[in-house]
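Below you'll find the structure, written out as structure tokens, and then a few comments.
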Amino acid sequence: MTYLNEMLYQVTRPARYTGGEWNSSVKDWGKTHIRMVLAYPDLYEIGMSNLGLSILYELLNSQPDVLTERVFTPWLDMAAAMKKAAIPLFSLESKHPLKDFDIVGFSLGYEPTHTNVLDMLHLAQIPVLASERNDSHPIIIAGGSCALNPEPMADFIDFFVIGDGEEVLLELLGCFRDWKGQGRRDSKKQLLTQVATIPGIYVPSLYQVEYQADGSFKSITPTIAQAQPTIQRRIVSKLPPPVTKPIVPYIEVVHDRGAIEIQRGCSRGCRFCQAGMIYRPVRERSHEEVLQAVGELITNCGYDEISLLSLSTSDYSGIDQLVTSLSHRYPNLALSLPRLRLDRFSVKLVDSLPSRRKTGLTFAPEAGSHRLRQVINKTTTEDEILETAAAAFKRGWTGLKLYFMLGLPTETVDDVEGIAQLVTKVHSLGRKAEGRRPQLRVNLSTFVPKPHTPFQWVAQEGESQLNSKHELLRQGLHRKGIRLSWQDPKLSLLEAALSRGDRRLGKVIHRAWQLGSTFDAWSEHFNYGNWLRAFDESGLEPGFYAQRDRPLDELLPWAHIDVGVSTAFLKREYHRALEGKETPDCRCEACNICGLERWQPDCQQEYQELNQRR
Ligand code: SF4
């Protein structure tokens, strides 16, 4: 410990590793039966802004016989110092090495952080490959949105939790409690066989994978009777109570404020959006519950700013009444409402917030033309966008952030030029409005085809086409008051390859990490050369995974993961996209998640027609 204290003087932001924050839970190591550590494969400042981590930390620590602690990826200076001093990666609360815990649970939310998982295991002196770990090592589990295509990480993880973790983790602990209670009489393999029977748990080592001669995915088959051919995503029907006593970091983190999840799921149905598909159905928290939770959060943490979290905050029923009630009850509280729809209502809503700072409003039109917005099912018209911008400028906002996506299916040069024209129109509206000059920040992301979306079969655009589009916009938007930024197409390619990958990508991830890749999500550390070499040495090509249109009848590597949205719905949405047809948000959806009996009549008819066509 003394050595650790000395080491902390030599690294940046030592509070990343000290623990001891307000509301952190330090249980008696010797008196708790099950010890688990929640591992986040990125920096402390990013992981501590993740609501899922807070939810699980509170839930697991509420179990009297379970101790749950945290660990984040150490920054490069700390990792080097730990390696030099042979200090194994430890938890923040008790400083126990990860290898002393029973379970290490990773949160996988972004594919370019996969190499950090390997690095954390290695720093913890735990073999990175599941096949090289024995009964003395902790069980390594993972959940989060990337677990919905678990195959690329299958070589490293003992089992995956698919979907909402709140119920399934408690069932899992029940299983583990029995196993440990028997003095681990049975081997880890027997434990894995047992957990494979829990709905929502996927144990990759119990499945055999085959490939076609052309390299495409052929089949995935359980090797024992206990393993289910299809893993159903776990869905909690009612949101569990909100976290009102979260840990308060001592250093500034990305979202440095309290947060209440007011709603889970989104039914808007934007066709590129994985979150919109994999977190269905929509589950709202009542106004009363939110009001009470905000009060508790202020009392327990002293926050003066709270975020009302949701994938689509404008769609929360009675959001304006909720904001009014909160403003009356807590007049000095600043509220933040992320992810608002692009309309006047949102501007009015944000403008009504107490203690508002008119620094910036964020909207995401995503595409530059109405045609392409119809393709992606985000059908805001240009008039609506301009009216919203005009309303924002009129109310005194000067800074607007606009998010667009490049490389969307069917995108043409006209659509890209449409972005420049739209942004220019917004800019002139800002100049006409009274007050200061408008400041527009235009962010261009790259379309990444994601599993379980209507665009899961679509190829990602190549680097040179994306570069020309960036250049077109750079020239078209070169003026004072407009700041343009975009994502490196090489990183987007990697993200797409890992998103739509199969189990063979385990070799690639392993090799890239051996070559020194970590913190790939950080542009200054992303080493594309390492990845190209890793693909090459594994006999694979990133373009095969990222830039290939997949036939609708090709078996996808994630086909055994059933997120609840039917493939028939995704195919229907894909065809509608190509026809430029909008699918309205009906909060019942034809995606099958709510059950056929709740479909609206026209959805049922369309589904039957689709089945006849197939
Ligand atoms: S509104 Fe669209 S982009 Fe936003 S979460 Fe919902 S489906 Fe996704």
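The values are calculated or read from the model by the stated rules, or taken from the named source; none is laboratory data. No experiment lies behind these values; they were computed from the predicted model shown. Virtual Cβ from ideal backbone geometry, glycine too; neighbours counted across all protein chains shown.
Worth pointing out:
- Filtered residues of the range 257-273 (kept if more than 8 Å from the ligand (Cβ to nearest atom) and not charged (D, E, K, R)): Gly258, Ala259, Ile260, Ile262, Gln263, Gly265
- Any chance Asp343 is acidic (Asp, Glu) and within 14 Å of the ligand (Cβ to nearest atom): yes
- Any hit, the range 277-297, residues being within 14 Å of the ligand (Cβ to nearest atom), touching a residue at least 12 places away in the same chain (Cβ under 8 Å) and assigned to a helix (DSSP H, G or I): yes
- Entry remark, the range 539-565: residues being among the aromatic types (Phe, Trp, Tyr) and under 14 Å from Asp214 (Cβ atoms) number 2 in total.
- Residue within the range 222-241 that is loosely packed, with under 13 Cβ neighbours inside 10 Å, under 27 Å from Val282 (Cα atoms), touching a His at 6+ places or on another chain (Cβ under 8 Å) and among the β-branched types (Val, Ile, Thr) present: yes
- Checked against (1) surrounded by 17 or more Cβ atoms within 10 Å (Cβ to Cβ); (2) farther than 29 Å from Arg344 by Cα, Ser464 passes all but condition (1).
- Test for Glu58: is it charged (D, E, K, R), more than 24 Å from His525 (Cα to Cα), at pLDDT 95 or above and in a loop (DSSP other than H, G, I, E, B): no
- Residue within the range 258-272 that is touching a residue at least 60 places away in the same chain (Cβ under 8 Å), under 25 Å from Ser327 (Cβ atoms) and surrounded by fewer than 17 Cβ atoms within 10 Å (Cβ to Cβ) present: no
- The residues on offer are Ser369, Ser325, and the sole one that is surrounded by fewer than 17 Cβ atoms within 10 Å (Cβ to Cβ) and away from the ligand (no atom under 16 Å from the Cβ) is Ser325.
- Tabulated pairs, the range 23-44, first farther than 27 Å from Glu296 by Cβ and acidic (Asp, Glu), second modelled with pLDDT of 95 or more and outside any loop (DSSP other than H, G, I, E, B), C-beta under 8 angstrom, 6+ apart or interchain: Asp42/Phe72; Asp42/Thr113; Asp42/Asn116
- Looking at Tyr250, Tyr202, Tyr211, just one residue is crowded, with 21+ Cβ neighbours inside 10 Å and of a type in the set (Phe, Trp, Tyr), and that residue is Tyr202.
- Here Leu291 fits the description: modelled with pLDDT of 95 or more and surrounded by fewer than 19 Cβ atoms within 10 Å (Cβ to Cβ).
- Contact map, the range 406-431: residues that are outside any helix (DSSP H, G or I) paired with residues that are surrounded by fewer than 22 Cβ atoms within 10 Å (Cβ to Cβ) and of a type in the set (D, E, K, R), Cβ distance under 8 Å, separation 6+ or inter-chain. Pairs shown: Leu408/Asp415.
- Qualifying positions in the range 495-545 - polar (S, T, N, Q) and either part of a helix (DSSP H, G or I) or without any contact (Cβ under 8 Å) to a residue 60 or more places away in the chain (or both): Ser499, Gln514, Ser523, Asn527, Asn530, Ser538
- Residues in the range 212-227 that are small (Gly, Ala, Ser), touching a residue at least 24 places away in the same chain (Cβ under 8 Å) and closer than 21 Å to Arg550 by Cα: Gly215, Ser216, Ser219.
- Looking only at residues in the range 31-56 that are over 13 Å from the mean Cα position of the chain (by Cα) and of a type in the set (Gly, Ala, Ser), the one that is nearest to Phe101 (Cα to Cα) is Ala39.
- Checked against the criterion of being closer than 16 Å to Leu422 by Cα, touching a residue at least 60 places away in the same chain (Cβ under 8 Å), within 16 Å of the ligand (Cβ to nearest atom) and of a type in the set (Val, Ile, Thr), the candidates Thr379, Thr388 yield just one match: Thr379.
- Residue, nearest to the ligand (Cβ to nearest atom), within the range 305-322, restricted to residues that are charged (D, E, K, R) and in contact (Cβ under 8 Å) with a residue 40 or more places away in the chain: Asp315
- Only one of the listed residues (Pro557, Pro542, Pro551) is at pLDDT 95 or above, over 30 Å from Val442 (Cα atoms), buried (at least 21 other Cβ atoms within 10 Å of the Cβ) and not β-branched (Val, Ile, Thr). That residue is Pro557.
- Helices (runs of 4 or more DSSP H) wholly inside the range 94-202 that include at least 2 residues being within 22 Å of Thr223 (Cα to Cα): 165-181, 188-195
- Unique residue being under 26 Å from the mean Cα position of the chain (by Cα), of a type in the set (A, V, I, L, M, F, W, C) and surrounded by fewer than 18 Cβ atoms within 10 Å (Cβ to Cβ) when the list is Leu89, Leu76, Leu108, Leu59: Leu76
- Looking at Asn332, Asn300, just one residue is modelled with pLDDT of 90 or more, more than 16 Å from the ligand (Cβ to nearest atom) and polar (S, T, N, Q), and that residue is Asn300.
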